[in-house]
Amino acid sequence: MDLHELPLTPAASPDAPPVTFKLIGIGGGGSNALARLPLPSLEGLDTAIIDTDRKALAQHTSPAEKHLLAPALRGGLSTGGDPELGRETAEAAREQLAPLATGADIIFLSVALGGGTGGGVAPLVAELATENNALVIAFATLPFSFEGSRRVRQAEESLVELRRACDAVITLPNDLLLQQTTDTESVTDALRRADEWMLRGVHSIYSILRRPSLINLDLASLRRAFVSRGGKTLYALGHGAGENIITQTLESLKMCPLLHIAETARKVDHLIVNIIAGSAITLPQINDLMSVISAQYGRDAHVLMGTSISDDQPDAIQVCVIGTTDVGTRPRPVRAATPAADNANVETNVQQPAPKGKKTVIKTKGPANQDQEEFTFAGADQQRGTFENSDLNLFEDQDLDRPTYLRKGIKIQL
Amino acid sequence: MAKNFKIIAGVEIGTSKITVLVGELTSRNLTIIGKSECQSAGVMKGVIIDAKAASNAVHTALEGAEKSAHIPIDEVILAQTGMHLQGFKTDAIVNVSSASNTVSSTDIQTACQIALSKQLPENRTIVHEIRRPFRLDGQIIANPLNIRGNRLEANYWIVHGDTNTVTNSIYIIQGYNLPILDLGLASLASGSMVTTPEDRHHGVLAIDIGAGTTDYVLYRNGAAHVTGVVPVGGNHVTNDLMLGLRTTPGQAETIKTRHGRATLHCRDKTTKVWLNGDHGIGDRPIPLQSIEQIISARISEIFEIVRKKLDIDYTPENTPAGIVLTGGTSKLEGIVDAASKAFESTARLGEFPPHILEQLRAPGYATALGLLFTGASAARGQLPPKKGGIWGLFNR
């Protein structure tokens, strides 16, 4: 075989079947986001919507499969923002959820935390998917501060559970969304922007694995990056075009509202960088981009990079950076290798008398217990800066350590 | 050899700085004879989180203070702040016992004792007991002794703190082999320096915005009425700037001191200031308006919280002497206007009484000065020793 005929993508090689994806929208907010997504028809990406609310489900016109959760128990009604009900419903609908969480190598969850269904069901779906040996990456929207302290608290509780169950959780705090909007932008447009953040994440990982690209990544190396779960996930997007394209891209990456964290917290152990660039990009340019990104975000990091050429915009660059941190040194329990143990765990989960919902989940999670302390500040963690490791500073249920302008929705122009 | 003076030191273990002032106390007056200031460490939001680092810093400051005063310190008055402090009011009413209906000293003592007999929850220690003026048949009487009346009312504002947090700070001073003469509330100490007796008589609110905490005290009828701590200060302003403008903590601090303003002044979105000002690599223009938006949001929130915490105790009407600001963060441009707006009253920066030396007239010294001056009377042994509380812990 001539060198020039070597297959360029793993997808083309006969022994490796193409990676399959599934995007599941859970609960009201999660499925809304999914339904709003202008999903380009990506081959190998299935979509599904799970909700308890028959009416809400019926409204969606998206081509995704729709699943009404536990109609017998909930009667097609929503959980009314009660996470307790959400969890109960999830447990009751375990049988129904199990097949949904199969059939894909990578499962993306789209969920809005703070309500009932999303927060209750998503951790279970993630757990089931993990049992099926899928890589689970969740995009979790956190409520606006103005939605009230109750929702914020519920969201943080759910986030802790979700972090335990998923390989990576990318949080999209709605408060940050306000920072992105302009005065004249409508609500729908603003929300669409949040969806776009999610879309670009999905798209980046998809294109890393499925698109023919210059520098390739495979599923195994991606899994390696998500080897330790429960930690925070760094997520940032940037783009640039025209002259000074590299500087522009880096600047826009730095200013990404999702990077609302202290400089020190930006350093991660594993970096996944996806670059989608026009055909005009040069190797020195990629080199410049990558060396700055790894210096800025990596702490002696393991860098995974995927680059693909897209001729939609010949002189533009889009960068998506996903970073994960090893929590402690304990790798996650090997999955699928010990299905028996896993099942046993599940069984006890069901049989336990279950005093109160939240505790059940924590207790049955055996090994995860050790990490419990580390997640005390889940949720707000990305916006506390130098106060990251200090006690919550609560006044009227707001954490005063988080910037005032964020909590009050004052837009800061940069 | 009994000396006829005592060397006392007012120590404030602050979030950004440790301040020690040394005073020579005679039976007549108090003279400041030494001072020392050093960078704080291991303190966050007014509370010691790293005892070792804090201890080293405090000991350096104490050493410097003794050097500057050329005499060893005898005793220390230590400021207390932090969100663990809480206050409550307590009162007791006694019927005047004597047949002639004149108040006896026993009546006063009984009323005070009953008012102070309230049990604290576990792990809480009394930091300060502030006696509000006595009331005799509902009338405010500063000294009711031998005055005719039926019902004597004693009122207290009691501030208590987490025992561990309080003892941590005490251990640090004791680690330098110095006894603690008294604990002082940071709010009360600085408030007593920047307000005049007339202000306090009419009603005034003194707010000390430091790096880690905001301490406030509301005076009424010549005495402290309510005190409180909001664990938010100048460091939060810096943190907000750092996050909002994506800078390093150092750059944010520079921006705060160089361009910071507590009110929205710049209406023009295009006015920009340089991040570092050196036009070097990494320097970039930042909209001045954004800086002001971030700071003003934080500062007005601090004032709003203070006002909310004071609740019905504060109204512009019952605080005619207005708001007095002090503390490091009060150096922020426009902060007086922000306070005036939030409290719907007049506001001004705190000024020191004329007897304070020129070089000590900085907002950062208010607390340490106040500790010495308010503590002086206790040091002269004019007040009876307190019962229970922290003293029960350490005098055993």
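Within the range B:137-187, count every residue that is modelled with pLDDT of 90 or more, aliphatic (A, V, I, L, M) and closer than 30 Å to B:N95 by Cα.
Counting residues in the range B:137-187 that are modelled with pLDDT of 90 or more, aliphatic (A, V, I, L, M) and closer than 30 Å to B:N95 by Cα gives 4.
Check every one of the helices (runs of 4 or more DSSP H) wholly within the range B:172-253 and list those with 3 or more residues that are within 27 Å of B:E63 (Cβ to Cβ), small (G, A, S) and more than 14 Å from chain A (Cβ to nearest Cβ).
So the answer is B:186-194.
Applying the selection to the range A:180-195, what residues are modelled with pLDDT of 75 or more and more than 20 Å from the chain's Cα centre (by Cα)?
If the condition is that a residue be modelled with pLDDT of 75 or more and more than 20 Å from the chain's Cα centre (by Cα), then A:T184, A:E185, A:S186, A:V187, A:T188, A:D189 are the ones that fit.
Suppose we filter A:L113, A:L45, A:L37 for residues that are surrounded by 23 or more Cβ atoms within 10 Å (Cβ to Cβ) and in contact (Cβ under 8 Å) with a residue 40 or more places away in the chain; which single one remains?
The unique qualifying residue is A:L113.
Return yes or no: is A:L259 at pLDDT below 80 and under 30 Å from A:R164 (Cβ atoms)?
In short, yes.
Being in a loop (DSSP other than H, G, I, E, B) and either open to solvent by 30 Å² or more (accessible area, probe 1.4 Å) or closer than 26 Å to B:H201 by Cβ (or both) is true for just one of B:E122, B:E129, B:E66. Which residue is that?
Being in a loop (DSSP other than H, G, I, E, B) and either open to solvent by 30 Å² or more (accessible area, probe 1.4 Å) or closer than 26 Å to B:H201 by Cβ (or both) holds for just one of B:E122, B:E129, B:E66, which is B:E122.
If we scan the range B:280-289, do we find a residue that is open to solvent by less than 40 Å² (accessible area, probe 1.4 Å), under 20 Å from B:T326 (Cβ atoms) and either out of contact with any Phe, Trp or Tyr (no Cβ under 8 Å at 6 or more places or on another chain) or assigned by TED's automatic domain parsing to the domain that holds B:L188 (or both)?
No - not one qualifying residue is present in the range B:280-289.
Sort out which residues of the range A:71-89 are within 18 Å of A:R151 (Cα to Cα) and either assigned to a loop (DSSP other than H, G, I, E, B) or open to solvent by 70 Å² or more (accessible area, probe 1.4 Å) (or both), and write them in order of number.
Scanning the range A:71-89 gives A:S78, A:T79, A:G80, A:G81, A:D82.
Can you name the condition, by its number, that B:L264 falls short on among (1) hydrophobic (A, V, I, L, M, F, W, C); (2) away from chain A (no Cβ under 11 Å); (3) touching an Asp or Glu at 6+ places or on another chain (Cβ under 7 Å)?
All conditions pass for B:L264, except number (2).
Six or more apart or on different chains, Cβ under 7 Å: which pairs go from a residue in the range A:395-414 that's more than 7 Å from chain B (Cβ to nearest Cβ) and on the phi > 0 side of the Ramachandran plot to one that's open to solvent by 10 Å² or more (accessible area, probe 1.4 Å) and modelled with pLDDT under 85? Could you list them?
Within 7 Å, the pairs are A:D397/A:S149; A:G409/A:F146; A:G409/A:L178.
Output the residues belonging to the range A:292-302 that are open to solvent by 60 Å² or more (accessible area, probe 1.4 Å) and under 21 Å from A:E251 (Cα atoms).
A:A295, A:Q296, A:R299
Would you please name the residue that is nearest to the other protein chains (Cβ to nearest Cβ), looking only at residues in the range A:239-256 that are surrounded by fewer than 18 Cβ atoms within 10 Å (Cβ to Cβ) and of a type in the set (S, T, N, Q)?
A:T247
For B:N318, state whether it is under 23 Å from the mean Cα position of the chain (by Cα), more than 13 Å from chain A (Cβ to nearest Cβ) and either loosely packed, with under 15 Cβ neighbours inside 10 Å or over 30 Å from B:G87 (Cα atoms) (or both).
So B:N318 passes the test.
Looking at B:H279, is it at positive phi and of a type outside the set (S, T, Y)?
Answer is yes for this residue.
Could you list, in sequence order, all residues of the range A:75-129 that are among the polar types (S, T, N, Q) and under 15 Å from the mean Cα position of the chain (by Cα)?
A:S110
Tally up the residues in the range B:333-362 that are buried (at least 16 other Cβ atoms within 10 Å of the Cβ) and touching a helix residue (DSSP H, G or I) at 6+ places or on another chain (Cβ under 7 Å), please.
Total satisfying the criteria: 10.
Could you tell me how many of the residues in the range B:27-47 are more than 18 Å from B:L360 (Cα to Cα), open to solvent by 30 Å² or more (accessible area, probe 1.4 Å) and in contact (Cβ under 8 Å) with a residue 24 or more places away in the chain?
Going through the range B:27-47 one residue at a time, the tally reaches 3.
Among the helices (runs of 4 or more DSSP H) lying completely within the range A:123-231, list those that include at least 3 residues that are more than 28 Å from A:E95 (Cα to Cα) and charged (D, E, K, R).
A:149-165, A:187-210
The values are calculated or read from the model by the stated rules, or taken from the named source; none is laboratory data. Please read all numbers here as calculations on a predicted model, not as lab measurements. In this analysis, Cβ positions are derived from the backbone assuming ideal geometry, glycine residues included, and neighbour counts consider all displayed protein chains. Heavy atoms of the whole protein, side chains included, go into the accessibility calculation; ligands, DNA and RNA do not. Shrake-Rupley method; radii C 1.70, N 1.55, O 1.52, S 1.80 Å.
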